[in-house]
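Accompanying notes for the structure given below.
The values are calculated or read from the model by the stated rules, or taken from the named source; none is laboratory data. None of the values given here were measured: they were computed from a predicted structure. Quick reminder, even Gly has a Cβ in these numbers, built from the backbone with ideal geometry, and neighbours come from all protein chains shown.
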Amino acid sequence: MARFRRDFHRAFCPILGACHVQGSFPALVTPFKNGELDLDTLKKLVDWHVAEGSHGLVPVGTTGESPTLSHEEHVIVIREVVKAAAGRIPVIAGAGRTRPRKGSASSAGAEEAGAGMRRLW
């Protein structure tokens, strides 16, 4: 995973660590089934986006479910998207929350889950 982060940084952050991301980075919906995370459908969604030419993915981004997920669910979604993307495209984890402390925890959780970048707004 460290190699992926280093390669991601080289590809997207070449000047003084300032990142410039270009292309289509859709915010993924988080699928649920019977009130629980549907990780099988999430993997299929990642594979579909890769096959359709998305340049990267933003799990728990701006699709509205982020405030309703527990911290553990938030990290699980990011981890599963990183795992499903398998280095084929970068993952920018949504880490914005309705409260600053939760945002800080989400940001740390995104890093722990292996996301190359975090989106804080």
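Data table
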item: Odd one out for ARG79 among (1) surrounded by fewer than 17 Cβ atoms within 10 Å (Cβ to Cβ); (2) modelled with pLDDT of 80 or more; (3) of a type in the set (Lys, Arg); result: (1)
item: When residues of the stretch 43-66 are limited to those that are assigned to a helix (DSSP H, G or I) and out of contact with any Leu (no Cβ under 8 Å at 6 or more places or on another chain), the one surrounded by the most Cβ atoms within 10 Å (Cβ to Cβ); result: SER66
item: Filtered residues of the stretch 1-42 (kept if at pLDDT 90 or above, surrounded by 12 or more Cβ atoms within 10 Å (Cβ to Cβ) and farther than 18 Å from VAL75 by Cβ); result: PRO26, THR41
